[in-house]
1. Considering region 2-24 alone, what residues qualify as being in a helix (DSSP H, G or I) and free of Cβ contacts under 8 Å to residues at least 12 places away in the same chain?
2. So the check is Cβ under 8 Å with 6+ separation or different chains; which pairs have a first residue in region 28-46 that's outside any helix (DSSP H, G or I) and a second one that's acidic (D, E)?
3. Just to be sure, is I86 in a helix (DSSP H, G or I), closer than 12 Å to A19 by Cβ, at pLDDT 95 or above and of a type outside the set (F, W, Y)?
4. Output the residues belonging to region 31-45 that are over 12 Å from V96 (Cβ atoms) and either aromatic (F, W, Y) or surrounded by 12 or more Cβ atoms within 10 Å (Cβ to Cβ) (or both).
5. Specify the residue that is surrounded by the fewest Cβ atoms within 10 Å (Cβ to Cβ); the eligible residues are those in region 16-30 that are at pLDDT 95 or above and either among the aliphatic types (A, V, I, L, M) or more than 14 Å from V82 (Cα to Cα) (or both).
6. Across region 34-75, what is the total count of residues that are among the aromatic types (F, W, Y) and at pLDDT 90 or above?
7. If you take the residues of region 46-75 that are farther than 18 Å from G24 by Cα and of a type outside the set (S, T, Y), which of them is surrounded by the fewest Cβ atoms within 10 Å (Cβ to Cβ)?
8. So, in region 7-54, exactly how many residues are more than 23 Å from S70 (Cβ to Cβ) and of a type in the set (F, W, Y)?
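The values are calculated or read from the model by the stated rules, or taken from the named source; none is laboratory data. Computed from a predicted structure; not experimentally measured. Quick reminder, even Gly has a Cβ in these numbers, built from the backbone with ideal geometry, and neighbours come from all protein chains shown.
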Amino acid sequence: MSLLYNLDNWVLWAIWLLAIPVGGYAFVHALMQRADAFTAADKLTKPAWLGITGASALVLIVFQRGPLGSGALFWLAALVAVLVYIVDVKPAVVGVQGGGQRW
């Protein structure tokens, strides 16, 4: 019964722990792309996305107290920013560079 009582806490902790490597992946992916591909895909510039994904990865790492701490709003915003990059920007940039469906 205690596991089900705290199920929402466990789910939030799992999301938080998975978000850290996802943030790192988004930053490294943005770092490895050509700068002109971002503007060709009609997205923000490469330095802007490096700043967004880098700051988001840093926020996800810094708030180590987990998703239920006082910085919950910050890590949630960082997760959203990283997911926007992965879902929207990454496919557009890869498509402009002539790549197919690369993961």
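1. S2, L3, L4, Y5, L7, D8, W10, V11, A14, L17, L18, P21
2. K43/D88
3. Values: in a helix (DSSP H, G or I): yes; closer than 12 Å to A19 by Cβ: yes; at pLDDT 95 or above: yes; of a type outside the set (F, W, Y): yes.
Criteria met by I86.
4. L31, L44, T45
5. Looking at the filtered set, the residue picked out is V28.
6. Qualifying residue count, region 34-75: 2.
7. L73
8. Residues meeting the conditions: 4.
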